[in-house]
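**Student:** Sharing a structure here in structure tokens format.
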Amino acid sequence: MKNFGLAVRLLGKFGNNVMVDPSFWNGKRVFLTGHTGFKGGWLVLWLHRMGAKVVGYSLPPETKPNLFDTVDVASYCETSTFGDIRDVPALSKALTDSNPDVVMHLAAQAIVKTGFDDPVQTFETNVMGTINVMEAVRALPEHVVCLIVTSDKCYDNPNDGVPLREQDPLGGHDPYSASKGACEVAVTSWQHSYFNDLSMPVLASGRAGNVIGGGDWSANRLLADAARAFSKGEALTVRNPLATRPWQHVLEPLSGYLTLIQKLAADRKLPKAWNFGPVPAVDTSVEKVAEFAAGAWGSGARVEVSQNRQDWEEAHALLLDSTAAVRFLHWRPRLDVPEAVDMTMKWYARFYETSGAGMADYTLAQIDDYCAKL
């Protein structure tokens, strides 16, 4: 925990620095996998807001409703293609044809429960899909910066409540977590084997925790479940109340990814693996976050704790040590957990009040409000 004392002191030193620089992104060509997903959709709108030209490549959205359709993400892309990162010829052609300055790889099988149900597809997507992206990036010019986005679950988590650092052992006891650990091992291997000199693009990875925000309707997502329940006048049932997560609004890690890419473009000698979590680490329980959500929603919102545990296991204590990002990137989160939950529930409340009308403008307004804090 000593490193987090350092992180807190560093926040005071670097707190007023601009993190995400719109002038860097203006006119940049960005190839983005996973643009149909929750995190990818927010990223497309933010990049477009800064003048970037985004080429999206991803499978179609998996849920209805979804953020991609709700805010018409495709209209903010220069090109939007439905494609599979396991399809090597299609992926390679799309990436090469985009002539990118930046590659951001977010496409993944991102659900822990789905990892239990379909471990083979999870590994094919998260490991081989990432390798396919890195192989395609090898053919690009040396000025390109490529960021592989993985997960805080890539670590061999001992469940002791101690924040995990970038140098800690990788692993994972469930298929999803193991696939993310294996993905990071592959990234490290490709860095040392193929991206190890100035004639090649820069390759790095970013690790973040449980992101929340409007527009995530995936299964087993706490605030999405809360919004569904509250909008119907029903109670939110919590089945794993004591589990803790490094909760953060989706814009927080996205600001980290964007800041990291800016820094790597200027300094190729920076470390190549980075955590982006709450600083200092916050071990907020599922039950507490559910209560924040009910309070943010307002009248009639209720939370019930079920006596029946979920039938699949997740790590109970999971925290990231983001000291490196604070110290070397001058990055830091701007929202505490209640603020992040409040922002998220306001998005969902607006969606259900308007049946989804005008949500692109509302999402962009939330991005603008967040950028004002940077």
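The values are calculated or read from the model by the stated rules, or taken from the named source; none is laboratory data. On a predicted model such as this, the values are computed, not experimentally measured, just so you know. Glycine gets a Cβ as well: all are built from the backbone with ideal geometry, and neighbour counts include every protein chain shown. To get the accessible areas, we keep the full protein, side chains included, count just its heavy atoms, and leave off ligands, DNA and RNA. Shrake-Rupley method; radii C 1.70, N 1.55, O 1.52, S 1.80 Å.
**Student:** Could you pull out the longest piece of the chain with no exposed loop trypsin sites (Lys or Arg not before Pro) in it, calling a site exposed if DSSP puts it outside H, G, I, E, B and it has at most 12 other Cβ atoms within 10 Å?
**Tutor:** The segment 1-231 is the longest one with no such site.
**Student:** Accessible area per residue, 1.4 Å probe, Å², for the stretch 127-256: what's the number?
**Tutor:** Value returned for the stretch 127-256: 34 Å² of accessible area per residue.
**Student:** Same structure again: Counting DSSP beta bridges with both partners in the chain, what percentage is antiparallel, nearest 5? Can you show the working numbers first?
**Tutor:** Working: 3 of 35 bridges.
In the chain, DSSP labels about 10 percent of beta bridges as antiparallel.
**Student:** Assign one of three labels to the stretch 21-110, namely rounded, prolate or oblate, based on the Cα gyration tensor with a ≥ b ≥ c the square roots of its eigenvalues; rounded applies when a/c is under 1.5, prolate when it is not and a/b is larger than b/c, and oblate otherwise.
**Tutor:** In terms of gyration-tensor shape, oblate.
**Student:** Percent of alpha carbon pairs in the chain separated by more than 29 Å?
**Tutor:** 37
**Student:** Against the longest alpha carbon principal axis of the chain, how many degrees, from 0 to 90 and to the nearest 10, is the axis of helix 337-354 turned?
**Tutor:** Long axis of 337-354 versus the principal axis of the chain: about 80 degrees.
**Student:** Let me ask you something else. Return the carbon/sulfur percentage of the accessible area of the chain, one whole number, probe 1.4 Å, all protein chains in place.
**Tutor:** Accessible surface attributable to carbon and sulfur in the chain totals 51 percent.
**Student:** Rounded, prolate or oblate for the stretch 95-216? Axes are the square roots of the Cα gyration tensor eigenvalues, ordered a ≥ b ≥ c, and the cut-off for rounded is a/c under 1.5. Walk me through the numbers on the way to the answer.
**Tutor:** Working: a/c = 1.86, a/b = 1.56, b/c = 1.20.
It is prolate, given that a/c is not under 1.5 and a/b is the larger ratio.
**Student:** Listed here are the pairs Lys232/Lys346; Lys113/Lys288; Lys93/Lys272; Lys28/Lys93; Lys113/Lys272; Lys39/Lys113; which of them are more than 24 Å apart at the Cα?
**Tutor:** Result: Lys93/Lys272; Lys113/Lys272 exceed 24 Å.
**Student:** Within the chain, what's the longest run with no chymotrypsin sites (Phe, Trp or Tyr not before Pro) in a DSSP loop and at most 16 other beta-carbon atoms within 10 Å? Give the range, please.
**Tutor:** Longest run free of exposed loop sites: 1-193.
**Student:** Shape verdict for the stretch 155-264, please, from the Cα gyration tensor: rounded (a/c under 1.5), prolate (a/b greater than b/c) or oblate.
**Tutor:** prolate
**Student:** Can I ask one more? Tell me the mean residue ellipticity at 222 nm calculated for the chain from its helices only (DSSP H runs of n ≥ 4, each -39500 (n - 2.57), averaged over every residue, nearest 500).
**Tutor:** Theoretical 222 nm ellipticity from helices: -13000 deg cm²/dmol.
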